[in-house]
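For reference, the structure discussed in these notes is given below.
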Amino acid sequence: MQRRRLGIILAIALLLAPAAARAVEPDEVLAEPRLEARARALSSEFRCLVCQNQSIDDSDAPLAKDLRILIRERLKAGASDSQIREFMVERYGDFVLLRPRLTSETLLLWFTPFALLLAGLIFAIRAGLRQDTASPAEAPLSEEERGRVEKVSRQ
Amino acid sequence: MIAELGHLALVLALATALYQTSVPLYGASTGDLRLMQAAVPAALCQLALIAFAFAALTWSYVNSDFSLANVYANSHTAKPLIYKISGVWGNHEGSMLLWVLILALNGAAVALAGGNLPPGLKARVLAVQGSIGVAFLLFIIIASNPFDRLDPAPIEGRGLNPLLQDPALAFHPPFLYGGYVGLSVAFSFAVAALIEGKVDAAWARWVRPWTLAAWMFLTIGIAMGSWWAYYELGWGGFWFWDPVENASLMPWLAATALLHSAIVVEKRNALKIWTVLLAILAFSLSLVGTFLVRSGVLTSVHAFAVDPTRGVFILGILGFFIGGALALYAWRAGSLKPGGLFQPVSREGALVLNNVILGAAAAAVFIGTLYPLALEAVAGDKISVGPPYFNLTFVPLILPLLLLVPLGPLMPWKRSDLKGVTERLQAAAGIALLIGVATFAIRARGPWLAPFGIALGAWLIAGSFTDIVERCQLGRMPTTAALKRLAGLPGAAWGMALAHAGLGIVLIGIVGVTAWREERIMVMKPGDAVSLAGLDVTYVGATPFTGPNYTADRGRFVVRRDGQEITTLEPEKREFQPGRQVTSEVGLHQFLTGDLYIVMGEGRSGGGRSVRIYFNPLASLIWFGALVMFIGGAVSLTDRRYRIGAPRRRPRLAVKPAEQG
């Protein structure tokens, strides 16, 4: 029910909103600087759901503005950052988080780059060690190379 | 009529590309020199035909021929001429045409400049280049024809997205494509080498300048895109980890790795197998980027599924070239002889580490960009991967590399000792430490990591020039002799120092903006003043005015320091006529210490206006550093070793799409 009501409010907001305002508006800013800083940091972690790849902190969409105000109201009421994150996920699902949570589904996302770094380092070191044992006797000359050496030395 | 001729030229270009792919390849396998040499006129002919098609489309844009669906959808008579021209590639069909034009330019450049290439290798390289042309020309003719007609022809066009009507963005795609497509040459060389089963120092010497040129174009293209985002999108960010940006960053990282590994092949005949793979991967990432940007898959998997023709076509091209090249690699890589041996602590070792880290960083960008798409396709769950992810993966991966950059160039080949290298870097470390401490003293506020970031940038700059100072023995020899040595240093040494120093400059800019940005968001009435970063900004008022294809409110902000007037900034709020889209023109003044950046918002009742004012410390260093990197690449290209053995003509690398307009 709550979600539908929000939907209606959003639809009205979309119709009434001015075409473009740039992200955080003067009337949204909280008087308490520390609280405002937390609000900014938090809202840069939530996706604007109606935009392409913008956080609600960057977006000028009416939905983003509503969410920014919502976050600030919750902060004023004393909510913690994680409570606000939970609240957002409850409402909009994981899609709203620009920093995906570590779950079984995102394990590969978070760890593959570091695993690749490790694998690359191990591979490089092992290749180096193998070379160590192979040297100093470098590969013997091939037929063709020996022929060329002879030709050069004859000159 | 002109449009039909352009269309015909595209079809003929396809036929030429087919010829260029098949005949020289057959000639190379049978050893028929005549057939091999057919590749050269074919490549030139293909370029001429595509250039004609491109000129035909440009002509249609300049003359506002709205009977072409493409011109109708993307142009307007009231648009200034420069944006009529840039509108040619400001849309899907036209940008694909630009893509094949640059591809053909590269092919023709190899044909002309490759006089000293062995005929078999040259024929195969041009054949592979031709096959890429076949695929993309087919794509254009079948699924993205820019010459489709409308009947009846509309009177007026729909106009170009106003955000795209900007000088930096007008020339951003040609540069970016110059880089994307430029990597095709390295790819063609890699595939040709796999067919021949031979990679040697000469191969690397041919591949490297092409890669370097592509890398330069990518660098400047990415920088232009970032500059555009910075002042046109109006919230002062310079990098958003947007998939479109990532699509260009991935090939850049791969090209950077390739540049470095090709040095090892050239100088030491080692890392050959890896370098060939990297050349394939670099262009593959360009293709992935093209797919991401051009298929609509980014908007959503569903939008892609609704009209999959184009996406599936590009995916097919992707599968054919990446899959084909990797299969060939798996089959033939074993026939490449591994070469030169080296100790772990050596120049080679350092370059391997460079490649491992760049590879992992590129993987982080790749996974972060594609994971949400893959997860949605496989499990149906939607997640978002945004800037916080990349800040937690890419950044920690790349920072150690930045720390190690100055060490590499000081290491001798084959065997080195860390102690000697670090001793020679003492001066650079001292400078970095000093600057870090000074930064901390001036800017105690802000994140505690920031002074370290600045010190790291200084370390990169000072460390990069340590090599130059060492090489000319400045301070140890009489000054005149040292200066003589300085002038005699090869272009590659200067180029490397500049490119590495440029990286340090970019880093300092990024740290400055990220750590110490000041921001004021408020409603201002005429006469109101606000102070930030030691500047007083007074809002005088706003006046309406009319531009060529928009109406606007132009604000006036007087900037003073200690009561002295410095400048007046005039940000605008524009409303473009077709479509009524609203954009902001930022008021920007670049001080030595940073940028004052004013964005004007909506007018409020009672004469007030919402205004956002930023001070972005050191911001311009980001783009200045990128320019220094570009210049470093250019200086490196002048190195005479690329001319040796090519007495007739140096590789003519300058892809100049802008001139085609």
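The values are calculated or read from the model by the stated rules, or taken from the named source; none is laboratory data. Source: prediction; values computed, not measured. We place every Cβ from the backbone using ideal geometry, glycine too, and count neighbours over all the protein chains shown.
Structural remarks
- Among the residues listed as B:Leu373, B:Leu341, the single one being touching a residue at least 24 places away in the same chain (Cβ under 8 Å), of a type outside the set (Ser, Thr, Tyr) and out of contact with any Ser or Thr (no Cβ under 7 Å at 6 or more places or on another chain): B:Leu373
- Any hit, segment B:36-49, residues being within 27 Å of the chain's Cα centre (by Cα), surrounded by 20 or more Cβ atoms within 10 Å (Cβ to Cβ) and closer than 21 Å to B:Arg294 by Cβ: no
- Filter pass, B:Val264 being β-branched (Val, Ile, Thr), in contact with a helix residue (DSSP H, G or I) (Cβ under 6 Å, 6 or more places away or on another chain) and either away from chain A (no Cβ under 14 Å) or farther than 20 Å from B:Gly359 by Cβ (or both): no
- Evaluated against (1) under 30 Å from A:Ala37 (Cβ atoms); (2) in contact with a strand residue (DSSP E or B) (Cβ under 6 Å, 6 or more places away or on another chain), B:Thr551 falls short on exactly one condition, (1).
- Inter-residue pairs, beta-carbon under 8 Å, first buried (at least 24 other Cβ atoms within 10 Å of the Cβ) and in segment B:115-136, second assigned to a loop (DSSP other than H, G, I, E, B), 6+ apart: B:Val125/B:Leu117
- The listed residue being surrounded by fewer than 22 Cβ atoms within 10 Å (Cβ to Cβ), over 23 Å from B:Met224 (Cα atoms) and touching a Phe, Trp or Tyr at 6+ places or on another chain (Cβ under 7 Å), out of B:Arg424, B:Arg443: B:Arg443
- Qualifying residues in segment A:80-121 (those that are aliphatic (A, V, I, L, M), within 28 Å of A:Leu63 (Cα to Cα) and more than 9 Å from chain B (Cβ to nearest Cβ)) - the one surrounded by the fewest Cβ atoms within 10 Å (Cβ to Cβ): A:Leu102
- Residue satisfying all of: in segment A:41-56; facing another protein chain (nearest Cβ under 9 Å), closer than 23 Å to B:Met522 by Cβ and modelled with pLDDT of 85 or more; surrounded by the most Cβ atoms within 10 Å (Cβ to Cβ) among these: A:Ser55
- Residue check, B:Ala529 among the small types (Gly, Ala, Ser), more than 14 Å from chain A (Cβ to nearest Cβ) and touching a residue at least 60 places away in the same chain (Cβ under 8 Å): no
- Test result for B:Ile50, farther than 19 Å from B:Glu4 by Cβ and either of a type in the set (Phe, Trp, Tyr) or part of a helix (DSSP H, G or I) (or both): no
- Taken residue by residue, segment B:70-91 has at least one member that is more than 26 Å from B:Ala135 (Cα to Cα), touching a Lys or Arg at 6+ places or on another chain (Cβ under 8 Å), surrounded by fewer than 24 Cβ atoms within 10 Å (Cβ to Cβ) and not β-branched (Val, Ile, Thr).
For (1) in a loop (DSSP other than H, G, I, E, B); (2) in contact with a strand residue (DSSP E or B) (Cβ under 9 Å, 6 or more places away or on another chain); (3) closer than 19 Å to B:Ala626 by Cβ, each residue gets a yes or a no:
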site: B:Gly453; (1), (2), (3): no, no, yes
site: B:Leu460; (1), (2), (3): no, no, yes
site: B:Thr466; (1), (2), (3): no, no, no
site: B:Arg471; (1), (2), (3): no, no, no
site: B:Ala482; (1), (2), (3): no, yes, no
site: B:Leu486; (1), (2), (3): no, yes, no
site: B:Gly495; (1), (2), (3): no, no, yes
site: B:Leu498; (1), (2), (3): no, no, yes
site: B:Ala501; (1), (2), (3): no, no, yes
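- Screening B:Leu33 on (1) farther than 20 Å from B:Ile142 by Cα; (2) surrounded by 19 or more Cβ atoms within 10 Å (Cβ to Cβ) shows it passes everything except condition (2).
- Matching residues, segment B:358-392, being facing chain A (nearest Cβ under 7 Å), touching a Gly at 6+ places or on another chain (Cβ under 8 Å) and crowded, with 17+ Cβ neighbours inside 10 Å: B:Gly359, B:Ala360, B:Val385, B:Tyr389
- Taking (1) over 22 Å from B:Phe624 (Cβ atoms); (2) modelled with pLDDT under 95 in turn, B:Ala254 satisfies each apart from (2).
- Filter pass, B:Phe66 being surrounded by 24 or more Cβ atoms within 10 Å (Cβ to Cβ), out of contact with any strand residue (DSSP E or B) (no Cβ under 6 Å at 6 or more places or on another chain) and among the aromatic types (Phe, Trp, Tyr): no
- Residue ID - nearest to B:Gly296 (Cα to Cα), chosen from residues in segment B:343-357 that are facing chain A (nearest Cβ under 8 Å) and at pLDDT below 90: B:Gly349
- Filter pass, B:Ala325 being modelled with pLDDT of 80 or more, more than 10 Å from every other protein chain (Cβ to nearest Cβ) and assigned to a helix (DSSP H, G or I): yes
- Residues of segment B:397-415 that turn out to be within 14 Å of chain A (Cβ to nearest Cβ) and either under 22 Å from the mean Cα position of the chain (by Cα) or acidic (Asp, Glu) (or both), as a count: 4
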